[in-house]
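The values are calculated or read from the model by the stated rules, or taken from the named source; none is laboratory data. Computed from a predicted structure; not experimentally measured. Ideal geometry is used to build each Cβ from the backbone, glycine not excepted, and the neighbour counts take in all protein chains shown. When the accessible area is computed, the model is the full protein with side chains, heavy atoms only, and any ligands, DNA or RNA have been set aside. Shrake-Rupley method; radii C 1.70, N 1.55, O 1.52, S 1.80 Å.
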Amino acid sequence: MIKFHPNEELLVQYVQGNLDSALAVVVGTHIDMCQHCAQQKKDIEDHLSAKAFGAATDFNELSMQTMLDEIMNSSAPAIEVPHKVNKHVVVEGKQFRLPPSLARVSKRLGEWSKVPGSVWRAPLQIDNDSAINLIYMGAGASVPEHTHRSQEATLVLNGTFIDEHDRYHDGDFVFLNADHRHSPQTAEEDCLTLAWLDAPLQFTSGMARLLNPFSSLFFK
Amino acid sequence: MMQVMPEKRVNRHHMKSNSASPQEITPEYLAGLLGEVALSRSRRAFSELFKHFAPRLQSFATRQFGNEQTAMDLVQETMTNVWHKAHLFSPDKGSPTTWIFTIARNIRFDILRKNKKNQNDISADELWPVLSEEMSDSDDEFAIDQTILLQEITSYYSQLPDAQRVVIEHIYIEGKSQQEVSDELGIPLGTVKSRTRLALQKLRELITDHD
Ligand SMILES: [Zn+2]
């Protein structure tokens, strides 16, 4: 049972197309995994479309007819060859199925690299200034305690992780604001997550501060 | 060709958008028009859709962009997609208004993205595959409806328009897949799907009428 969901404001911005694109991939992936939010998304679409098309402009008759003719005489758009999609991702010999929203952007996935503490990450380049990361934590792994300059969203794709506040399972979407400290870790089960950050991490524990150069490499 | 809600049809000889009040136009009626465009490229049905949606799209786009030319581009590109891709509309997934809104949302997203001139930036259809041919591929959507028994299909399918009847015969009586029907009849898979959908809709109506 999924316990943590994106709030309504995030879902509305997602439907409008106003959300940061990288965050939209995370929200879309959650919607793939969550029937509750899939239904909410539909309701929001109905609501917004009724609102968007509530008013009509008085269209100039001539330009309307011209456009109508142009459209009906236009040639059908070329059929695009669907690009190759990976439905799975493999890390440390384990294979995970990707929900459709992630599979669609799988060609954007970079190489896996290992970071200290039984943690692996692979970047997913979404646009010029934002990326998200697939983060794989083996069993008994931990990410050093950190705060964020602004916001972080984490979606559990498979497995369980724990922080000071709660336990998070498949489909859980955790949104943390600035000033929120936490140190995610796994117990006996490993965990694959999708993580979005809108500013680099600042590690707060002494040991991790020494590793700070790696923080920018970790969550870019 | 299709007999969709004839009682709801109103005469609109004028092109003024306000000559038709929105109450006369039900989602079912609009879905029927989309069906006609998908099945028979009906110019009349598309003109009606255009007259309903273009002024609404323009109003929406003008508010979004605050620029008349960009707004008109959005109207034209959205309605061009409706003309060519009406077969991708599925009434089970939502209303025609919602479908067209999501197409416009995607086009707006791509217009804003193009302004940034980064080729590798994510595109709208990577985020929301509204117009993807594969998207309607979930076979359960077209799996035979439990409420329509084969018996009933065989007694009513002869009343379907020819194009739909042939597809239904192949799928439900000969047990072929939609892809096989597409290959055999030499028509696009999307067309097979929309004909199946419309035929099932029609059969549902026929069966309910006789109950
Ligand atoms: Zn949810």
How much accessible area per residue does the range B:6-127 have, counting only protein heavy atoms and a probe of 1.4 Å, in square angstrom?
44
Sorted by accessible area (1.4 Å probe), largest first, how do B:177, B:59 line up?
B:177, B:59
With the alpha-carbon atoms as the only input, what is the per residue convex hull volume for the range A:91-166 in Å³?
128
In units of 2.2 N^0.38 Å, what is the alpha-carbon radius of gyration of the range B:24-64?
1.27
Under unit Cβ charges (Lys, Arg +1; Asp, Glu -1), what dipole magnitude, rounded to 20 debye, does the range B:6-127 have relative to its Cα centre?
260
In the structure shown, do any of B:85/B:116; A:3/A:94; A:51/B:51; A:42/B:193; A:94/A:114; A:107/B:193 have a Cα-Cα gap over 24 Å, and if so which?
B:85/B:116; A:3/A:94; A:107/B:193
Partner chain coverage, peptide A:64-74 - average Cβ within 10 angstrom
6
Summed buried accessible area for A+B [probe radius 1.4 Å, Å², rounded to 100]
4100
Other protein chain Cβ atoms within 10 Å, averaged over every residue that makes up B:81-90:
2
